[in-house]
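The values are calculated or read from the model by the stated rules, or taken from the named source; none is laboratory data. Quick caveat, the model's predicted, so the values are computed rather than measured. Backbone-built Cβ (ideal geometry, glycine too); neighbour counts: all protein chains shown.
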Amino acid sequence: MESLSNKKKVLEVKPLNFWERAYLPAIAKGLSITMGHFFKKPVTIQYPEQKREFSENFRGQHSLKRDENGAERCTACGLCALSCPAEAITMTAAERQKDEEHLYREEKYAAVYEINMLRCIFCGLCEEACPKEAIYLDGDVVASDYLRKDFIYGKDKLVEAPLNQ
């Protein structure tokens, strides 16, 4: 019997006073927080008009570089694809014809060079692994798009423009 009376005491609820029922303390606290933030400098920027400065070690979009003669530096050695932890780089090697004039470097080149930007983690290991310094992560931010296939960048998007243009 005593245990039932103890349970009744535990279940008794203290009635709320007028201020607690009106939630005025909570409203006042919320208004004070709002007013405190109202006079602070905003942390957001107006993106298309204003752009943030990037740090020195920012790694942007990939670019395949050309040498001083205007030819692509990539010799399709595959070290960048091997060093990529996300397996985002695929390439197909091809050979130059021996009868080509001004053949001044290795006979191999990358016929197909693709980077899946959805898989890329921008670690920079491909840049470090390249013995010919052909790939750099020095571009802008990768643009957004709606289709997955548009994030597979081929040589048309990666190779920099020739110097004489």
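Per-structure values
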read-out	value
Condition check for Lys14: modelled with pLDDT under 85, basic (Lys, Arg) and assigned to a loop (DSSP other than H, G, I, E, B)	yes
Residue that is surrounded by the fewest Cβ atoms within 10 Å (Cβ to Cβ) [pool: residues in region 135-165 that are touching a helix residue (DSSP H, G or I) at 6+ places or on another chain (Cβ under 8 Å) and closer than 22 Å to Gly70 by Cα]	Leu137
Test for Val142: is it out of contact with any strand residue (DSSP E or B) (no Cβ under 6 Å at 6 or more places or on another chain) and not charged (D, E, K, R)	yes
Residues of region 62-89 satisfying the condition of being touching a residue at least 60 places away in the same chain (Cβ under 8 Å) and in contact with a strand residue (DSSP E or B) (Cβ under 8 Å, 6 or more places away or on another chain)	His62, Ser63, Leu64, Lys65, Arg66, Glu72, Arg73, Cys74
Residue among Glu114, Glu127, Glu133 that is modelled with pLDDT of 85 or more and in a strand (DSSP E or B)	Glu114
Residue count for region 17-53, restricted to those that are among the aromatic types (Phe, Trp, Tyr) and at pLDDT below 85	4
Single residue of Ser32, Ser55 found to be assigned to a helix (DSSP H, G or I) and among the small types (Gly, Ala, Ser)	Ser32
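Okay, residues lined up against (1) in the same structural domain as Ile135 (by TED's automatic domain parsing); (2) among the acidic types (Asp, Glu); (3) touching a Pro at 6+ places or on another chain (Cβ under 8 Å):
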{"site": "Ile45", "(1), (2), (3)": "no, no, no"}
{"site": "Glu49", "(1), (2), (3)": "no, yes, no"}
{"site": "Arg52", "(1), (2), (3)": "no, no, no"}
{"site": "Ser55", "(1), (2), (3)": "no, no, no"}
{"site": "Asp67", "(1), (2), (3)": "yes, yes, no"}
{"site": "Arg73", "(1), (2), (3)": "yes, no, no"}
